[in-house]
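Report on the structure given below.
The numbers here are math on the coordinates, done by the rules we state, and not lab data. These numbers come from a predicted model, not from an experiment. Cβ placement follows ideal geometry from the backbone for every residue including glycine, while neighbour counts extend to all protein chains displayed.
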There are 4 protein chains.
Amino acid sequence: MPRETFCLRFDMPDPGDAAALRAAIASGRIARDGLRAVLLKTPGNGLTNDHTRTLATREVLAALGPGPAPMMLASGGTEGIAVPHIILLGEMAGGGQPGRGLAIGLGHGPSITPADTAGPAMSRAVAAAVAAAMRTAGVTDAADVVIALVKAPLPSPFAFGGTEEAFAALKGSARAAASLGAAAALGEIPWAQIGDGTTAALHGHRTLVAAGTDVTAPEALVIGQAPGWAGTLRAGATMLVDMLDAPGVAALLASLGLAATPQLTAADAVRLRAVITKGEMPALLRGDRPAALDDSDIHPNRHFRAALGGMIAALTGDGRIFLSGGAEAQTPPGGVLLAIIADTGQEAQE
Amino acid sequence: MPRETFCLRFDMPDPGDAAALRAAIASGRIARDGLRAVLLKTPGNGLTNDHTRTLATREVLAALGPGPAPMMLASGGTEGIAVPHIILLGEMAGGGQPGRGLAIGLGHGPSITPADTAGPAMSRAVAAAVAAAMRTAGVTDAADVVIALVKAPLPSPFAFGGTEEAFAALKGSARAAASLGAAAALGEIPWAQIGDGTTAALHGHRTLVAAGTDVTAPEALVIGQAPGWAGTLRAGATMLVDMLDAPGVAALLASLGLAATPQLTAADAVRLRAVITKGEMPALLRGDRPAALDDSDIHPNRHFRAALGGMIAALTGDGRIFLSGGAEAQTPPGGVLLAIIADTGQEAQE
Amino acid sequence: MPRETFCLRFDMPDPGDAAALRAAIASGRIARDGLRAVLLKTPGNGLTNDHTRTLATREVLAALGPGPAPMMLASGGTEGIAVPHIILLGEMAGGGQPGRGLAIGLGHGPSITPADTAGPAMSRAVAAAVAAAMRTAGVTDAADVVIALVKAPLPSPFAFGGTEEAFAALKGSARAAASLGAAAALGEIPWAQIGDGTTAALHGHRTLVAAGTDVTAPEALVIGQAPGWAGTLRAGATMLVDMLDAPGVAALLASLGLAATPQLTAADAVRLRAVITKGEMPALLRGDRPAALDDSDIHPNRHFRAALGGMIAALTGDGRIFLSGGAEAQTPPGGVLLAIIADTGQEAQE
Amino acid sequence: MPRETFCLRFDMPDPGDAAALRAAIASGRIARDGLRAVLLKTPGNGLTNDHTRTLATREVLAALGPGPAPMMLASGGTEGIAVPHIILLGEMAGGGQPGRGLAIGLGHGPSITPADTAGPAMSRAVAAAVAAAMRTAGVTDAADVVIALVKAPLPSPFAFGGTEEAFAALKGSARAAASLGAAAALGEIPWAQIGDGTTAALHGHRTLVAAGTDVTAPEALVIGQAPGWAGTLRAGATMLVDMLDAPGVAALLASLGLAATPQLTAADAVRLRAVITKGEMPALLRGDRPAALDDSDIHPNRHFRAALGGMIAALTGDGRIFLSGGAEAQTPPGGVLLAIIADTGQEAQE
């Protein structure tokens, strides 16, 4: 039997109550042993003191019960029209013919000490995780990787000492080092250019990094195409030019057979399985300095998620967007990484 | 010579510095005597303690210097991708042939006592202002009104006493009473239905109300079509079904000759003169309760403006949007009022 | 052997990590079977979307392990100098002579339906819980009650529907109804005056109410004096006139043998076991309207906790204060309820 | 006739309405020509986008009308129990016998370019302003200076570019450089130690710096004792050990003849003319890391002002406190600078 990727989505308005997930588990719909990653979009502020991530992670793990440990990618912040939800990614035995289908694989890298959080050891460890994930997925050519989702370890802010600003800065550096390591593994950047892992001008093109204090070693989920996988799911990713690049969103949707004119029909919208994006407020947007950058009451990431969610949902018509701020070395300045998984209704072909 | 409406837009990143406006005045570009209204989109929180509205209003009035008093419509809140800016609306001597062109008129109603802020006296006074504005614009048929912008008087929060919540509630009731009065003047609702001005189920369709403590009598600016007006500007308005109604935005743009597929070309985007919108977070959006409603750190209006700005700019490609929260009796539940003024490049016709 | 009240305090900077409590349990210091109540002061916003309360409650319950279910009183908000901490209250076998010592008792009332949350059924159920708690503590005269801590049930905000403001209002009404019920049980207010449980002019004098979605029936912990209890702990409570009533704090400390001139010595400060307070921003404070009431970016409760914590800690020199906002019917307008438990070093006397 | 310092205080709840000041001016109570400084405590967030400072500054200047330009020291943030108010400091012809009375003097330094904002040129320019202020006040011995209030120039955030964080950092460096310059002028630190103006370990002991974009050259107001000054006002200053140093506050009050046991009597409280303080949240407070440092929704300075205001008002009983955050190089780590001006009722003596 061929392998087949599954991608399930559940609403989770209360981070302490995975009721929809529990119901699905009870109904036997979920291939627990094949589960590889859970993405959690929780309703906190997405910043240092966002404990909704921890609460939802614990609740989901309790709901899932025993089985292989999935990568847990929790991102707080459902500003504006965004809907708190979780996405389950895994593999199951496929029912159709194997082809070049949507492939996924989870990989792990070696442990990172707190002192190495923002340096080359992080880059190397993430690269190892990505390479392992590609092998597991059966993706042999880096060009066949659509996107790599990376969980990077982070020391606890309570152990860290220093100000909230300093911790936020460390988190950013950790994400940057992780992204460059993944980019190297994907063949986007030679190791010689990476140096100490903090070169500001470099960035990956297909990597989303979340940093978390709940792991001590990096994990990576690679999503791509590979032979031997069946099913009707497809994934695509693109780098939006800026926060207003609606044409870029429409083009990505079109590549998956979904026409946004300007918005998907309801029939097409239900084909969406996961909409995943990463970016941050730019210093300049189409020539203007965003006023949001000078707002001392609301963090720029919260402005970003609220506005970008509105922009993307203009085309998809759906607030289930895994929006994440903190795009250090994951995008060019002002760019926004966007990946979409959809059910095309068409079986994978050779 | 025919009358002609002008609509000018200036960035104003600092509410204390109307530099771009001052430069335009110095260059003689502005018909000061014809100025009828200034819309100010300022970078505050748009809530009770948003003093950017007062600061910018004073700065703009100082920059304008002596001349007829325009209606000053200040709205705080440039969350997300929104750009602080001001819009000047007025009339000048037209150079072309008079036709059924874009017409504007400013009208004033009688004074309102603080005790009458939220009641039928407000509705009546606003209706008088709208009627006067229509007469001034030469709009004889209410069907020819595109939108009425209303400034409703409000007592000072410092004189008011009570909590911030109570003041916010009074502000909402004042806007509701004002909107119903305008709707009556526009023939949308019979007076008999309005009763005490607070009937929750009623709402206007073409009225945007801002409440301010800097006036004691309501003012209205009517924008419509009327014979005797020249020029290439046109205006349209629509009621979006919800915060994600991108097709509604596209249809309004199309009615002005601007194609959003999904976004305006740069050549079309520069034709935009004013994008004006009003609404608030709905209790349900496409079946989901917005998490933003449970956010005790950020007011729902701020979530609304950030997300709606992203949605609209997905189509227009421009952050210069006069976004305003507090839509009591101005929209149906969840609806969003949107008006656009654009330069079509085509002279008004008979 | 006489009964003896214990009152232990642990720091808990991370609501997801009860490390200090776990260490104490591991060391065998805690009489688990006698545990009656846990007060949790967590670092969230203390408002609708404060999930630190849920996270810390779950973490503490997991750390405690099996045993009788204590009342869990979680209150978010450690603004300013306040320190996140938990307080354990229970009884153990006393080592000394029984006297009129510090007595505690936990009581339960009947279940409340969501529809009854804010009405007389809540008052009656809370009164039953308080009466049961007095019996358990052996307090026969209501005059011997120092303070009653009440946990009132609340429907989930996710089940509730409506706006965050509406949910906050329901929460306030629930607290008011609960407080009046406790006041009746304590003989402060006759039932005939309570009527529908919402009479604005009435308030209790010795009741602190927290509303939570994690119970469906009210619970009460009564703290008082009763014969048959040993130990060196004493408790006192007072109603501060306003947020600046430092003399009232000093008088309460003095009644427990602690001299604040103006601040406790370090030797006296370590005698503090619990500092518990409840109140909210007043409409007027010594003749001035607090500017905090007009702050649309920060909720008044957060201003209150930050400032009151500073005021109290001026005298105690310690940020471990269980500060709680939302004082509906628990204080007169502007008043602040304050209770302190201290180790006097002197055994209870007959 | 001797010189005499006046110090007047007016409430100003609305930053756009200096009504109390206007009334005082109309009544002829204010020696306009002798006015040297206005301190404005406004109800904004006290951070980058706090426009209440600009609005109130313009309003006060308009109310004052023509006359010598005073130093305008605007500080936003009236969290907790703090009351928005303004303080006028100036000199007038004294009615009594000259003695060693309360002396003030205003001094100006040379202009600073934006590039020099955070460097040694700022230190030198501030030192020149302080020296000039001492001369004007007739204070010849630096030991007779109670406190120096410094206004340091800052480029506009709108001209600056970069993030809000970067601008906040520049502001901090500017304050540090200014404080060290004042400290040198006051003989606290030798110039040789100051070096590039950013040495983190150094700090002044009697200098409060506010940075503002409304000046291009530094200004300093020196408050001290000098012969030839009459009147009953006295000033004192102290460095509180930490945010909870109530004994330090009491000692300073006692030095001015005011007994806080623990709070001033109403009769003594009315003797207060100005309570001025500067500090910020410490990394550790009495052994605990303040949870406020990890709050991504509220800036640490807002936590600081709210809590410190509560602490100080515990002793003074009055919310009219000129609280200011951002204490770079003005205090030791965790320390808080506090200055008080009071009317002792006793004439200055030789």
Taking the axis that carries chain A onto chain D, what is the nearest Cβ in chain A, and at how many Å, to the whole number?
A:Glu165, 3
Note, the range A:319-332: 3J(HN,Hα) by Karplus (6.51, -1.76, 1.60, θ = phi - 60°), whole Hz, Gly/Pro = x, goes x, 7, 10, 7, 8, 9, x, x, 10, 3, 6, 9, 9, x
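With a 10 Å Cβ neighbour count serving as the proxy for reagent exposure, in which order, fewest first, do D:Arg302, B:Arg320, A:Arg32 appear?
Listing D:Arg302, B:Arg320, A:Arg32 from fewest to most nearby Cβ atoms yields A:Arg32, B:Arg320, D:Arg302.
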Of the DSSP beta bridges with both residues in chain C, give the percent that are antiparallel, rounding to the nearest 5.
70 percent
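Please arrange D:Thr42, A:Thr232, D:Thr265 by how many other C-beta atoms lie within 10 Å of their C-beta, fewest to most.
Ranking D:Thr42, A:Thr232, D:Thr265 by Cβ neighbours within 10 Å, fewest first, gives D:Thr265, A:Thr232, D:Thr42.
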Roughly how large, in nm² to one decimal, is the mean projection of the convex hull of the alpha-carbon atoms in the protein assembly as shown?
53.3 nm²
Output, in nm with one decimal and in ascending order, the distances from the C:Met1 label point to the matching label points of the other copies (7 Å from Cα along Cα-to-Cβ).
6.1, 8.2, 10.2
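What is the antiparallel percent of DSSP beta bridges lying wholly in the range D:3-93, to the nearest 5?
That works out to approximately 70 percent antiparallel.
Can you tally the net charge around C:Leu221? Count Lys and Arg as +1, Asp and Glu as -1, for every other residue whose Cβ sits under 10 Å from the Cβ of C:Leu221.
Working: positive: C:Arg36, C:Lys151; negative: C:Glu219.
Net charge around C:Leu221: +1.
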What residues qualify as long-range amide H neighbours of B:Ala230, i.e. H under 5 Å apart, gap of 5 or more or another chain, H built at 1.01 Å from N?
B:Arg3, B:Glu4, B:Thr5, B:Gly99
If you average 1/r over all unlike Cα pairs in the range B:185-250 and invert the result, what Kirkwood radius do you get in angstrom?
15.6 Å
Using the C-alpha atoms of the range D:3-93, what convex hull volume per residue, in cubic angstrom, is computed?
85 Å³
With runs of 4+ DSSP H residues as the only contributors, calculate the mean residue ellipticity of the protein assembly as shown at 222 nm using -39,500 (n - 2.57) per run, divided by the residue total and rounded to the nearest 500.
-8500 deg cm²/dmol
Whole-Hz couplings from phi, Karplus 6.51/-1.76/1.60, listed for the range B:86-97; x for Gly and Pro:
10, 10, 10, 10, x, 10, 9, 6, x, x, x, 8
at A:Pro190 the sorted inter-copy label distances (label 7 Å from Cα on Cβ side), in nanometres, are 5.5, 8.3, 9.4
Could you list A:Ser156, C:Ser324 in order of exposure, starting from the residue whose Cβ has the fewest other Cβ atoms within 10 Å?
A:Ser156, C:Ser324
Spread of Cα-to-Cα distances over 10 Å intervals beginning at zero, given as percent, for the range C:99-223:
15, 47, 28, 8, 1, 0
Work out, step by step, the length gained on full extension between B:Gln349 and B:Ala169: first 0.36 nm times the residue separation, then minus their alpha carbon distance; give nm to one decimal.
60.3 nm
Once the Cα gyration tensor of the range D:232-343 is diagonalised, semi-axes √(5λ) in Å
25, 13, 12
Farthest toward positive dipole pole in the range C:99-223 [+1 Lys/Arg, -1 Asp/Glu at C-beta], among C:Ala210, C:Trp191, C:Val145:
C:Val145
For the protein assembly as shown, percent of DSSP beta bridges that are antiparallel (nearest 5) comes out at 70 percent
Determine the shielding of peptide C:10-16 by partner chains: average, over its residues, the number of Cβ atoms on other chains within 10 angstrom of each Cβ.
5
Size of electric dipole in the protein assembly as shown: Cβ of Lys, Arg +1 and of Asp, Glu -1, about Cα centre, debye, nearest 20
0 debye
List every residue whose amide H lies under 5 Å from the amide H of D:Ile81, counting only residues 5 or more places away in sequence or on a different chain, with H placed 1.01 Å from N in the peptide plane.
D:Gly310
Considering the dipole of the range B:99-223 built from charges on the beta carbon (Lys and Arg +1, Asp and Glu -1) around the Cα centre, which of B:Ile104, B:Phe167, B:Ala129 is farthest to its positive end?
B:Ile104
Only Cα pairs under 8 Å and at least 6 apart count here; give the relative contact order of chain A as a rounded whole percent.
23 percent
Along Cα→Cβ at 7 Å, what distances in nm separate the B:Thr265 label point from those on the other copies, shortest first?
2.8, 8.4, 8.6
Dividing the mean separation of Cα pairs under 8 Å (6+ apart) by the residue count of the range B:232-343 yields a relative contact order in percent of 48 percent
Quote the charge dipole size of chain B about the Cα centre in Debye, to the nearest 20; the model charges only the Cβ of Lys and Arg (+1) and of Asp and Glu (-1).
600 debye
Looking at A:Ala348, A:Met1, A:Gln263, which one has the Cα that reaches farthest to the positive end of the dipole of chain A (charges on Cβ: Lys, Arg +1; Asp, Glu -1)?
A:Met1
Just to verify a number: FRET efficiency for C:Trp191 and B:Ala69, C-beta to C-beta distance, R0 = 35 Å, to 0.05?
0.05
Quick one: 3J(HN,Hα) in Hz for the range D:338-350, Karplus 6.51/-1.76/1.60 with θ = phi - 60°, rounded, Gly and Pro as x.
9, 10, 9, 10, 9, 8, 7, x, 10, 5, 4, 10, 4
Can you give the mean number of other chain Cβ atoms that lie within 10 Å of the Cβ atoms in peptide B:58-65?
1
Give me the Debye-computed log₁₀ of I(q)/I(0) at q = 0.10, 0.15 Å⁻¹ for chain B, equal point scatterers on Cα only, no solvent, two decimals.
-0.55, -1.36
